[in-house]
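Working notes for the structure below.
No lab work stands behind these numbers, since they all come straight from the coordinates. If you're wondering where the values come from, they're calculated on a predicted model, not measured in any experiment. Reconstructed Cβ throughout: ideal geometry from the backbone, glycine too, with neighbour counts over all protein chains shown.
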Amino acid sequence: MQKSIIGIITLFFSFVINAQVSSKYVISFENAIHHEATIKATFSDLKSDEVEFTMSRSSPGRYALHEFVKNVYNVKVTDSKGNSLIATRPNPYSWLVKGHDGTINVTYTLYGNHGDGTYAQIDETHAHLNIPATFMYVPELSENEFELIFNVREDLNWKVATQLKHVSDFKYYAKNLQYFMDSPVEISNYRKRSFKVKNQTINFVLHDDKATDANLDTYFDSVKKIVLQQEQVFGELPTYDYGEYTFLACYMPNVDGDGMEHRNSTVITSTRSLAQGGIEQNIGTVAHEFFHCWNVERIRPQDLEPFNFEEANMSGSLWFAEGFSNYYDALSMCRAGVWSHETYLNDMARGFNYVWTSPGRQFFNPIEMSYQAPFVDAAKSVDEQNRGNTFISYYNYGEILGLALDLSLREQNLNLDDYMKLMWTNFGKINKYYSVEELHQTLNNYAGKEFGDAFFNNYIYKSGMPDFERLFKNVGIELKTENAITFGAFVRDHKLLSNPKLNSSAYNAGLQVGDKLIKVGDFTLNSVVNIDLALNKYNINDEVVLIYERYDIIYETTLKVQTDVSYKLSYLNLDDNLKLKKVKQNKALWLNIKE
């Protein structure tokens, strides 16, 4: 009797859950060889007389528009009884249908051949699917539940990997549109490794036909070290929705390099197999994307919520959300022993030089650089632009700001780890979204109002530069400024391929992208003598005649030989130096060096 009652109750709740599934999809891949998938969608519980179904124009983790509908065709619409319905097009992204019976069936063909974190790729190696690039949806059903069935290619030994909830066989579930769209899928003959952290599972799914099992095991060991190292920053892992976090790594020659974070998973694509250098070169993306499961997925900017699938998404906090994650990906690899201290320093020097030598800081502060994301984050346009002079990536800008804040806090016997932990406790862990002002206030609460106001007023609301020479010296790093004669533009085969850098020799001479250099002073440029070699024959501030070609016309101008600043970082020798004992301790605490 008791078992019968339990069975009835179970059946009842199962019926209630299924009754709420209003968007159902079946996807198959018979024509994968030509990059096509066939998708059948059933949308039910429709209340509007005129129903809109549409394709997303944006994707979680990206900020630009992508117009996924361009790869959809062969669209057909019927009601629940199979009667054909007429669909009209109010705009390029959507369809409108009248005369339905509360349900519409939509079938269409999807073309996909760009394997990364944003688009879809379908061929006989895999079905690599970003959900917004793959599935239509009905906006009025956004808060209802979703069901997805994969008809996989059994002849290709395909399996499904995704953060979507597994229901049975090849059926998966999402509680609403936001979770559905945030759930990438890798379908292939992949390999999988897993390990437990307390009561949760970290999965690493690898699609890499060239890698051996030994390659995978070596790589997975580094993945585990990074996961555990980053867990130490926050003191705990997030609570993953279904008790699992999954890396979807596809290291195949047909994909495009990328990394894209999601709530309980991440997509990592690279053409480098683990057997061909990927063990060393791909791991940085693993470290960056996993840090996002705290910072940006749960410690989340208010201006990205709710994510808008119909418009570009703009945030003023990407210097923190992306940039501080950039800082911690490298730092955690160094702390975990995946990178050597020298590798970490060289990586830091590259970012440091890029940020602090860029003329872009005179145009935009870090918040305003973040606002540029819809124009630079995998965004495409055909007109020329001048971002080399006006833009600094919020990834790198935020990374160097994270470094500055960490080293500045350590002067006060504080550290960035504890600030991040406070952001986790006050925001991410309790599902509260933050503003830039709340980032500022949290720093004030942690380090004091004077410290917090100084940092934000000088380096976030403005584009000031901290005293890095002092900050570096405190942790045993020497900063040297070097000046070298430079032309100021990227040149190949004597042709300018970039806009000249602001106030450089090339800029002040009036040159522009596309110009071909012919002669500098007494030096005719050829396969032996290039522009850099020629300029280094002169002294600083010498003025020389430059002959160049623009649009088939020969011009002559005067070029003043100038220098450009660069920075060199090197570790101080702290061994057996009692005067630097405190510095050695600071460095050990920062990089987690065990005595």
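For the reader, a short list of remarks on this structure follows.
- The simple spin-label model puts a point 7 Å past each Cα toward its Cβ; for SER48 and ASP217 those points are separated by 5.6 nm.
- Kirkwood hydrodynamic radius (C-alpha pairs) into Stokes-Einstein, the range 23-189, 4 °C and 1.567 mPa s, D in µm²/s: 81 µm²/s
- Proximal aspartates and glutamates to LYS47, defined as alpha-carbon separation beneath 19 angstrom and excluding residues fewer than eight positions away on the same chain: ASP79, ASP101, GLU140, GLU143, GLU145
- Counting only Cβ charges, +1 for Lys and Arg and -1 for Asp and Glu, the dipole size of the chain around its Cα centre is about 1000 debye.
- Lysines with Cα under 19 Å of LYS582, excluding same-chain neighbours fewer than 8 positions away: LYS473, LYS594
- Fraction of alpha-carbon pairs over 15 Å apart in the range 218-295 - percent: 55 percent
- For LYS432, the lysines whose Cα falls under 16 Å of its own Cα, not counting residues fewer than eight places away in the same chain, are LYS421.
- Loop-located chymotrypsin sites (Phe, Trp or Tyr not before Pro) in the range 526-595 whose Cβ has at most 16 other Cβ within 10 Å (DSSP): TYR551
- Extension gain from GLN276 to THR201, taking 0.36 nm per residue of separation minus the Cα-Cα distance: 24.2 nm
- Nitroxide proxy distance, nm - points 7 Å out along Cα→Cβ at ASP101 and GLU469: 8.1 nm
- Beta bridges per DSSP, both residues in the chain: antiparallel share near 80 percent.
- Normalised convex hull volume, the chain, alpha-carbon set, Å³ per residue: 211 Å³
- From phi via Karplus (6.51, -1.76, 1.60), per-residue ³J(HN,Hα) for the range 124-135 in Hz, x at Gly/Pro: 8, 9, 5, 10, 9, 10, 8, 4, x, 7, 10, 10
- Cβ-Cβ distance of SER340 and ILE518, R₀ of 51 Å, FRET efficiency by 1/(1 + (r/R0)^6): the value works out to about 0.65.
- Residue exposure proxy: SER168, SER48, ordered by other Cβ atoms within 10 angstrom of their Cβ from fewest to most, comes out as SER168, SER48.
- Label point of ASN508 set 7 angstrom out along Cα-Cβ; within the range 486-501, amide nitrogens under 17 Å from it belong to 486-489, 500-501.
- Measuring nothing but alpha carbons in the range 482-567 and taking Rh as the Kirkwood radius, the Rg to Rh ratio lands at 0.93.
- Table column - 3J(HN,Hα) (Hz), the range 412-417, Karplus curve with 6.51, -1.76, 1.60, x for Gly and Pro: 9, 6, 10, 6, 5, 3
- GLU478-ASP256 FRET efficiency (beta carbon distance; Förster radius 35 Å; 0.05 resolution): 0.35
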